1. With θ set to phi - 60° and the Karplus curve 6.51 cos²θ - 1.76 cosθ + 1.60, what are the ³J(HN,Hα) couplings of region 31-37 in order, to the nearest whole Hz, using x for Gly and Pro?
2. Could you line up MET97, MET1, MET200 from fewest to most neighbouring Cβ atoms inside 10 Å?
3. Taking 22 Å as R0, compute the FRET efficiency from the Cβ-Cβ separation of TYR16 and THR292 and round it to 0.05.
4. If I stretch the segment between SER217 and ASN390 completely, what's the gain in nm (0.36 nm per residue apart, minus their alpha carbon distance), one decimal?
5. Could you go through region 165-180 in sequence order and give the Karplus-derived ³J(HN,Hα) for each residue, using 6.51 cos²θ - 1.76 cosθ + 1.60 with θ = phi - 60°, rounded to whole Hz, and x for Gly and Pro?
6. Per 0.36 nm of contour for each residue apart, how much would the distance between ASP257 and GLN145 grow if the chain were fully extended, relative to their Cα-Cα spacing?
7. Using a Cα-Cα cut-off of under 23 Å, which lysines could be cross-linked to LYS168, ignoring same-chain neighbours fewer than 8 residues away?
8. Before anything else, pin down the relative contact order of region 9-388: Cα pairs under 8 Å, at least 6 apart, normalised by residue count, whole percent.
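None of the figures in this text is laboratory data; all of them are computed from the coordinates on show. Everything quoted here is computed from the prediction, not taken from an experiment. Here the Cβ is made from the backbone with ideal geometry for all residues, glycine too, and neighbour counts use every protein chain on show.
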Amino acid sequence: MTHFDPYDLATAVDPYPVYAELRRSAPVYRNEERRFWALSRHADVLDAHNDWATYTSTGGVTIEGHESGSGLLITQDPPQHHWHRRIVSKVFTPRRMLDLEPFVRTRAAELLDAHADDDEFDIVREFSIQLPLDVISELIGIPAQHRPDVNRWSDQFLTRGPGADMNKVLEAGVNLHELYLHLVQDRRRNPSNDVISRIMTTDVLDDDGVTHILTDSEIAQRFMEMGAAGHETVAKGIPNGLMALTRFPDQRRALLDDRSLLPKAVEEILRYDAPSQLQGRTTTRDVELHGTKIPAGERVMLITGSALRDEEVYDAPDRFDLTRAQEPSTLFFGFGIHRCLGAHLARMEIRVAFDEILTRFPNFEVDESRAVRHVASNVRGVSGLPFRPNRTRRADVR
C-alpha cells in the first residue's frame, strides 16, 4: 500500500514515484500518524486552490499548522485577505519589481565573477541564496548590515519537520518582525520615497466601502513574508534547475543555442521540480471526493509537486522539456486568491541567473551526488550543491 510522509528521507530525495502512485491508487490519501489528508491530482489540487471557502488557509499551511493565527497573509481568507492584498499589490506592482532587472543582472554577475577562477564552489551558499536575498533587500530597503541576519532568520523561520525546534522557529519569527518593525518606525520619523514610505501611506477600500491602512506591525508582517517566500523560491529554484539541465543535456544544449528559450526554461524548472511542493488547507465542511469523505475540520495537503507531474495534464511529465506545449496552470506559484505576489520578480531573477551562468560557464558541472538535502514538509531544494565552472575548457557541451 502507498505510504506518503514528506518527512521520510527517501521521499525527500525523490518524491515523484510516490506521487505517481498516489495519483494512480490513492488520489485522496490519509496519513493517520500525522493526521492529514493529501490530494495529488492536478484537477483536485487546482479546484481546492480556487475554493478557499471550503479549503481555508486560516488553520495554517503546513502539516503542523503552527503559523495559524500569525497574521501572515497566506493564513488569511476574505474579506480581510482582500484588502490586505490590495494594499501590497498597489505598492509591489509587477512593473516596479521588473524594474529591478538591471540590479539583478549586475549583482548576479558580481557573485558569479567572484568565483570565476575557482575549480569548484557551492552554488547554493555563494549564489542562489545570496542573489534573492540581495534583491528583496534592495526592493524593500533592508540595510546591508542587516542582510546576513535576515538570511539566517528566514531559513530558521521556515524550518519544519520532526527535528525542527519550534522555539527557534518562533524566535526567528520574532527577530524578523522586530527588524522590519524597526525599519518601518524609522521611516515614520524619516519619510522618503522608498517602498516602506509608500506602503505606509497607501489605503484601500474593503468590500463594504470601509477605508483601511496597514499598521506598522502589519507592514512588518507583509515584509517578513515577502522576504521569506520570495527568497525561498529563487534560492531553491536555481539549483533545482541546474540539476535538471544536467540530467537532460539535450535541453541544456538547446538553451545554450537559443537564449530566447529562457522564459520557457524558467516555467519548466518550476514545473519539473517545484520549490513549493505542498500547501496546507483545512476543510470547513465535509468533502466527498473519489468516493472518499474528508470530514470538516481536517488538514488537507495540496501536493503541487505531484499535480505538476500529472500525466493527465502533461505529456511525458517526468521529462524536462523546453518544447512543452501544455501550460494549463502555474500552480508552482500557488493559485487563486493566494497566488504569490512576487511571481513576476521570482521569474525574472531565475531567468537572469541562468542567463548569467550560461554566459560565463557554458560547460558547468554540478555534482548531484554531493548535494545536501534537508527533509522539509512544504519545500524541496538543496542547501548545498558543488558547482564546477570549467571555464577554461572548450565551450562545447555537445
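1. With coefficients 6.51, -1.76 and 1.60, one gets 9, 5, 5, 9, 6, 9, 9 Hz.
2. Listed from fewest to most nearby Cβ atoms, that is MET1, MET200, MET97.
3. After rounding to 0.05, the efficiency reads 0.45.
4. 57.5 nm
5. 8, 5, 5, 6, 4, 5, 4, 5, x, 5, 4, 5, 4, 5, 5, 5
6. Net length gain for the segment: 36.3 nm.
7. Counting by Cα, and skipping residues close in sequence, LYS168 has these lysines nearby: LYS236.
8. 28 percent
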